[in-house]
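Here, each number is a calculation from the coordinates, and none is a lab measurement. Here the structure is a predicted model, which means the values were calculated and not measured. Quick reminder, even Gly has a Cβ in these numbers, built from the backbone with ideal geometry, and neighbours come from all protein chains shown.
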Amino acid sequence: MFLLQRGSESVPHSNPVRTICSQNCANPLNVVSSRVLAYAIEILLSDDDSISEDRWPAHCGSSARLEDASILERAFMMRLGSSVLITGLLASVSGGSPWGDGDLAVLIADGMVHGAVDSATPAVRQFLGIPYAQPPISNLRFAPPQQAQPFGDLNATALPPSCMQYIGGLPNVIINDVLEFNLGGSNASDPLRISEDCLTLSIWAPREPKERDLPVLIFFYGGAFVAGGVDVPYQIPAQWIQRTQSLIVVSFNHRDNIFGFPNAAGLPLEEQNVGLLDQRMAIEWVRDNIASFGGDPKRIGAWGMRSGAVGLAYYSYTYLDDPILNSLIMDSGNEFIDILTKNPGHTNFTFIASQFGCGNLGPAAELSCMRQVNASAMEDFMRTYNDKLKTPIITFSPILDNHTVFANYTALAETGKIARLPVLIGSNAQDGVLFVPYDPNGVDMALADLTTMFFFFCPTYQSAKVRVAAKTGPVYRYLYAGNFSNISPRPWIGAWHGAEMPLVFGTHPLYRGNSTEFEYVTSYAMQDAWFAFVATAGEKPSIEGWDAWDEVDGGRVAEFGNGVAARLIDTTGMEKECGTLSSPFR
């Protein structure tokens, strides 16, 4: 018999063998028989195409059924005949692992994933860089994502490279003052941190979970659809999970810029926004595999910021019949923020092609040629071209395809063509500061305030209204107004675009000095609000009196960080200003 190293509480364990009885037996036991192990290994080595119920160990009862996370079904799905996998299976049952602690080896359909623990957050398991799709290289460059192939044994102990991108040289807050929103915390492009082989996701899970089947939050990073990734210091959730032990956070890379949104004449219209298709495949992977890491596939929420929130908003119209998710959180981004590329003649792609010997070709030949061009060379060219402010302006972001991006979102919502999902949506009090000409001594605040209203607050209000009118589920609004010196090091920066991220992730005290007590309290209030929303699908908010909107033109808004950690305010006055702006919102 193999003893299970269980604590006094009955809690889920990431190790598949150890979860067999808790998931499949009427009475969880503290032992797993050798028959389970023997049968699992037999499946791995067998060509048998069935799993016989009568072979299920007797102590589980004749009515037991195989669940997605059981070791026997996983073994049947893999059947790779790998001695390494069998070694890992043996180690799993015995409580040890050739890689380290037993709870850091997780068996999924594609293979054995070996994670790690950072000494700074010892109660957090990290599984970094798990492929959710095949590398989008060669003939898969510019193509829709393809499901990942089995990897057998995966060392998932280091942050993976992000997708191809560059860091521009034009001055702004992120380049000059707060580098922790850049890959690796740098203000210069680092070729070692990027790769075309980048379609991976990373998982952070507690080692001492507070309940079975934890809620899961999938993070969609921002970056205007041209940059971003998992490897962003301010957006690592380990601190949050270390504190709460109550949820699992997943972050993933997807293709951006020309690699994610090529708008090439040689591609079908429905295959132009492959970066958005990457997002769907990542969500499907989480649905299919997160139970093995202790997550609840029925409580998967998605949280996007900046362009990540825009992509998430698009998602709610594309997959309305099968969203997989139980809730949406959208920070300073939604479907009414227009950052689309409008280039129906495909001249942007053709212009880049002409710089690399792929000019004067037909659509199919041009596409084939561009699939052979060095990826770094393309990014270097675009960085130099854009930093010099050359014309014509060359952009690569989502295009209108009526498949993943649509023309009139208000009309779609009015006709019910939107997913029935609870939404937590908001923006920041000084979102616009990042998008006006930079001056270290202070920016044009009048222009910044106008940018905040026109491009962030009012679109957020509009998105909330159409969802309330469409009765998509509970709709909650927030406004972040904190101004903390270790996140906003210049006094005029304020609650700028993205400034709430370090509060929710818990990374605020890690850079430019420790945080104040008030900053910690505000951080906890936001973490608890985000968690409660996903855990209960918006049914039980963490702030007393913070009710979901049930009328199109009214509702209380939760404000964070303005004198108190959280309070409820009335934003009617600000909303009235939206009517005075010449608005493209639809």
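Tabulated values for the structure
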item	result
Derived scalar couplings ³J(HN,Hα) [segment 102-119; Karplus, 6.51 cos²θ - 1.76 cosθ + 1.60; whole Hz; x for Gly, Pro]	x, 6, 9, 10, 10, 9, 10, 4, 8, x, 9, 9, 10, x, 8, 10, 8, 4
J(HN,Hα) series, segment 192-203, from Karplus relation 6.51 cos²θ - 1.76 cosθ + 1.60, nearest Hz, glycine and proline x	6, 9, 10, 6, 6, 7, 9, 7, 10, 10, 10, 10
Gain upon complete extension [residue 389, residue 192; 0.36 nm per residue less C-alpha separation]	68.3 nm
Bins of 10 Å, starting at 0 and running to the largest distance - Cα pair percent for segment 347-387	30, 56, 13, 0
Size of electric dipole in segment 278-430: Cβ of Lys, Arg +1 and of Asp, Glu -1, about Cα centre, debye, nearest 20	140 debye
Linear extension gain, residue 211 paired with residue 406, 0.36 nm per residue minus alpha-carbon span	66.2 nm
Computed over segment 400-494, Kirkwood Rh from alpha-carbon pairs, angstrom	15.3 Å
Residue-by-residue Karplus 3J(HN,Hα) for segment 453-464, coefficients 6.51, -1.76, 1.60, Hz, glycine and proline x	5, 6, 9, 10, 4, 5, x, 5, 4, 5, 4, 4
Chain lengthening between residue 377 and residue 139 when straightened (0.36 nm per residue, less Cα-Cα)	83.9 nm
Neighbourhood net charge (10 Å Cβ-Cβ; Lys/Arg +1, Asp/Glu -1) for residue 401	-2
Under-5 Å amide H pairs with residue 125, H placed in peptide plane, nonlocal only	205, 207
Partners for residue 298 among lysines (Cα-Cα distance below 19 Å; same-chain residues under 8 apart left out)	210, 540
Sorted peptide list for 403-412, 282-291, criterion being average Cβ within 10 angstrom, highest first	282-291, 403-412
FRET efficiency estimate (nearest 0.05) - Cβ-Cβ, residue 492 to residue 469, R0 35 angstrom	0.40
